[in-house]
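Following: one structure in structure tokens, then a few remarks.
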Amino acid sequence: MSSAWLLPEHIADVLPHEARRIEELRRILLDAARAHGCELVMPPMLEHLESLLSGTGRALDLRTFKLVDQLSGRTLGVRADTTPQVARIDAHLLNRAGLTRLCYCGPVLHTLPAAPGSTREPLQFGAEIYGHAGLEADLEVQELAIECLQRAGVPGLVMDLADARLLAGLLDGLPPKAIDAEALEAALAAKDQAAVDALTAALPADCRDALRLLPALYGGDEVLALARERLPARPLVTAALDDLQWLASHLRRAYPELRVGFDLADLAGYDYYSGSRFAVYAAGSAGALVRGGRYDDVGAIFGRSRPAVGFSLDLKTVVGHGHVDGRRAAILAPWGEDPALRAAIRRLRDSGESVVCLLPGHEHEADEFECDRELVDVLGQWVVRAR
């Protein structure tokens, strides 16, 4: 028999020590996004299921909780990713002709944990740029992702670059049912060479050999050189390799301490990516802390297909790899009915100070605040002094 106070698996309360750090990180990241010109949006947790999943593929469908709306009888979804919602906002509510930079921060819910030990309720932060098809937007999003992790104090950053057009280019021209593209994407993402070999066995030799090479195309600049030498020189493939080289060169100049590499088989995540992709790792991290890329088709279902690029991360994961503390200095004050004391406390709080009152009988208890000063009575005047 389960206890009433036990939470579902991979769902947990966030207690004061961690909540303080997560909230501080949230503010840091939102400030970083605002510094890049991003406007904040707050989509709802629930939407009609078809709106949440339109154009996103099966991967997101499997991660989305469904329920029936008691008002309309329609099926609703609890968002598992915020990008489709932001695309809807850009397409229908804002409907701007030019460039739009948006950011968001809020919880999402997953039917299954993304990795062993991870939460099913990430606190997702992300930023997106709509309306610019050039690599300048891809680079701006990647730089913002790096700066967010740097501001969070995450050490040893490594960025792996990839491009969804590589697979599209290699499969271009094949009959629609020549291969199970979904299974191939999963095998490539897992670097399951045996599965890739089996899935591609019946393909033409040039396509088969290229696809079987992809899992090995992981590393530094030698990866691009090998890809140019061994992959078919098709337009999408060539464009993808050229763009990856351009992005890597700019990132290395801007962030000399950043390790930039390539993982040309990286197809992990959602199915809506259409161009350059990236993942950012930290020293000691088992998985990517940030994932992002270009998804120009994400707004098509809403009747407005236009260039789009962005990234997202989970604050609960990032805070465990960074050095955000969030502890604020505070003033310790006695409790009392003296009007002068109570007025002094109000003035301090109005000025932005945190004042912790010692309620009777609790004078020796510790809390989350760093009380480095105290409010004391000096010759009839309440003054602040160092402790």
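Tabulated data
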| quantity | calculated |
| --- | --- |
| Karplus-derived 3J(HN,Hα), 6.51/-1.76/1.60, for each residue of the stretch 108-119, Hz, glycine and proline x | 10, 10, 10, 5, 9, x, 5, 8, x, x, 8, 7 |
| Residue-normalised accessible area of the stretch 330-386, expressed per residue, 1.4 Å probe, Å² | 69 |
| Where the Cα pairs of the stretch 233-381 fall when distances are cut into 10 Å bins, in % | 8, 23, 19, 12, 14, 15, 8, 2, 0 |
| Carbon and sulfur %, accessible surface of the stretch 330-386 computed with the full protein complex present, 1.4 Å | 53 |
| Debye intensity ratio in log₁₀ form over the Cα atoms of the stretch 16-321, taken at each q of 0.07, 0.10, 0.12 Å⁻¹ | -0.27, -0.56, -0.81 |
| Reach of Lys177 by Cα under 26 Å, taken over lysines that are not fewer than 8 positions away in the same chain | Lys191 |
| Distance between the stretch 121-165 and the stretch 286-316 - C-alpha centres, whole angstrom | 10 |
| Solitary cysteines of the chain, where the nearest other Cys Cβ is not under 4.7 Å | Cys105, Cys148, Cys207, Cys357, Cys371 |
| Rounded to 5, the percent of DSSP beta bridges in the chain classed as antiparallel | 75 |
| Reachable lysines from Lys316, criterion Cα separation under 25 angstrom, eight or more residues apart if same chain | Lys66 |
| Interchain or long-range residues, amide H under 5 Å from Val260's placed H | Met159 |
| Rg to Rh quotient for the stretch 330-386, alpha carbon positions, Kirkwood Rh | 0.93 |
| Relative contact order of the chain, pairs being alpha-carbon contacts under 8 Å that are 6 or more residues apart, as % | 19 |
| Karplus-derived 3J(HN,Hα), 6.51/-1.76/1.60, for each residue of the stretch 59-69, Hz, glycine and proline x | 4, 6, 4, 5, 9, 9, 6, 10, 8, 9, 6 |
| Normalised contact order of the stretch 330-386, rounded percent, pairs of Cα under 8 Å and 6 or more residues apart | 44 |
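The values are calculated or read from the model by the stated rules, or taken from the named source; none is laboratory data. The model shown is predicted, which means the values in this text are computed figures rather than measured ones. A quick note on method: Cβ atoms are made from the backbone with ideal geometry, for glycine too, and the neighbour counts reach across all protein chains shown. For accessibility, only protein heavy atoms count, side chains too; no ligands or nucleic acids. Shrake-Rupley method; radii C 1.70, N 1.55, O 1.52, S 1.80 Å.
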